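The values are calculated or read from the model by the stated rules, or taken from the named source; none is laboratory data. This one's a predicted model, so the numbers in the text were calculated from it and none came from an experiment. All Cβ positions, even for glycine, are placed from backbone atoms using ideal geometry, and neighbour counts span all protein chains on display.
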Amino acid sequence: MTERLCDITGRRLIVECIPCRRRGVYGLERLRQRFGEHADLYDVWLQLTQSCRHQHAIGARRPNQYGRACRAQLDVEGGDRTGSPPSRT
């Protein structure tokens, strides 16, 4: 099941990666203006985490078997928890 920005209820989308110690908070209205109301949540996540040095395209070969992938997680602030997106780890 693909989630879209319009499926999320809340005020802000939080992108946080514990290993990298990076965190970003984005207003959902501004994200909808930037990416479109029906933008795929995974595509938005890729755009917001593109500066992560561990980010790889799906299906792309990692340098070796121990290569790390981005582990940023999504959360929603200011809405009901039933509309929260699943973790993308």
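Annotations
- Scanning segment 25-60 for residues that are modelled with pLDDT of 90 or more and outside any helix (DSSP H, G or I) gives VAL25, TYR26, GLY27, GLY36, GLU37, HIS38, ALA39, ASP40.
- Verdict on ASP7 being farther than 17 Å from ASP75 by Cβ and acidic (Asp, Glu): no
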